[in-house]
Amino acid sequence: MFWLNGEGSSMALGRDMEWVDDLVSPDPVVRAEAVLRFKQAQAAFHAAQQAVWDFGDTKPRKRPKKDPAVQARSELSDACGRELMETLWQGWSWVDLGPERFPSGSAELIHYSLRYLEWEAHFPAEWHKGWTTKQSLLKYLARREDLTEQARARLADLVVTVVSRRQHCKDEGYIAVARAIDDESLRQRVAEVAEGPEPARARFLIHLLDHPGLPATTWTWQRWEAEQLGG
């Protein structure tokens, strides 16, 4: 759990979310339970959100704490803190506002972000299909300068997984991640994939790592692919 400090109030995110780790469990029964918890938390958030909307403006200057509208907003804040997607969206919206507004640091937020990406990478059929969220998380993580060695290792595992499979929507975001964590170990692992049965994506990534100023666009891919066929 981590905290956001607003003007005169605070919000706890990542509450009672130990189940998030089970989204990537090798046990399908454990994963199914975690997916159910994900859906239940999401449904509870949407219900609380609707309750607030039904009251209309719930933030006038003076309302007693027991006022139903105020209680509805409190319940929404609680539901938000227990829902994975809201935890990610709210967390990344606040994380760079400084220690006074985001006192807990970014480690737990990064952990949840990586779990969401690992869920998509390893169990795409069970994953909540949030392509925009995936794209945004990859962009945020590629820009972080405070990644721990463990976080960098998990990102490297994701990069290798992604280049070993067929293209998924928004996978191009992993190029910026690979460039951000580029080192000899990552290159060696990607090179091993490049010698396998489906080498194209790994070889293209190595090409982009060798040319960091080259834009990662469809045109770049098509030109590189044409050069490979011509060579």
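The values are calculated or read from the model by the stated rules, or taken from the named source; none is laboratory data. Since the model is a prediction, treat every value here as computed from it, not as a measurement. Backbone-built Cβ (ideal geometry, glycine too); neighbour counts: all protein chains shown. The area values use the complete protein model at the heavy-atom level, side chains included, leaving out ligands, DNA and RNA. Shrake-Rupley method; radii C 1.70, N 1.55, O 1.52, S 1.80 Å.
Counting the residues of the stretch 148-169 that are at pLDDT 95 or above and either under 13 Å from P124 (Cα atoms) or not polar (S, T, N, Q) (or both) gives 14.
The single residue among W127, W119 that is within 16 Å of W19 (Cβ to Cβ), touching a Leu at 6+ places or on another chain (Cβ under 6 Å) and not β-branched (V, I, T) turns out to be W119. Evaluating L209 against the criteria (1) farther than 24 Å from Y116 by Cα; (2) open to solvent by 70 Å² or more (accessible area, probe 1.4 Å); (3) in contact (Cβ under 8 Å) with a residue 12 or more places away in the chain leaves one unmet condition, (2).
In this structure, does S113 turn out to be buried (at least 18 other Cβ atoms within 10 Å of the Cβ), in contact (Cβ under 8 Å) with a residue 12 or more places away in the chain, in a helix (DSSP H, G or I) and not charged (D, E, K, R)?
Here the answer is yes, as S113 does meet what is asked.
Selection over the stretch 6-30 of residues that are in a loop (DSSP other than H, G, I, E, B), farther than 22 Å from E108 by Cβ and modelled with pLDDT of 95 or more gives a count of 2.
Identify, by number, the condition in (1) more than 15 Å from the chain's Cα centre (by Cα); (2) within 21 Å of G14 (Cβ to Cβ) that Q90 doesn't meet. The one condition Q90 does not meet is (1). Out of the stretch 180-193, which residues are out of contact with any Ser or Thr (no Cβ under 7 Å at 6 or more places or on another chain) and within 13 Å of F204 (Cβ to Cβ)? Hits for the stretch 180-193 are V190, A191.
Here R201 clears all of (1) out of contact with any Asp or Glu (no Cβ under 9 Å at 6 or more places or on another chain); (2) farther than 17 Å from L141 by Cα; (3) among the basic types (K, R) except the condition numbered (1).
All conditions but one from (1) modelled with pLDDT of 85 or more; (2) crowded, with 17+ Cβ neighbours inside 10 Å apply to E33; the one that does not is (2). Note on the stretch 128-158: residues that are touching a Phe, Trp or Tyr at 6+ places or on another chain (Cβ under 9 Å) and either open to solvent by 40 Å² or more (accessible area, probe 1.4 Å) or touching a residue at least 60 places away in the same chain (Cβ under 8 Å) (or both) total 2. The test for being open to solvent by less than 50 Å² (accessible area, probe 1.4 Å) and either without any contact (Cβ under 8 Å) to a residue 60 or more places away in the chain or of a type outside the set (S, T, N, Q) (or both) holds for R165. Set side by side, the residues Q228, Q188 differ, and just one is surrounded by fewer than 14 Cβ atoms within 10 Å (Cβ to Cβ), among the polar types (S, T, N, Q) and at pLDDT 95 or above, which is Q188.
Among the residues making up the stretch 147-165, a single one is within 16 Å of the chain's Cα centre (by Cα) and among the acidic types (D, E): D157.
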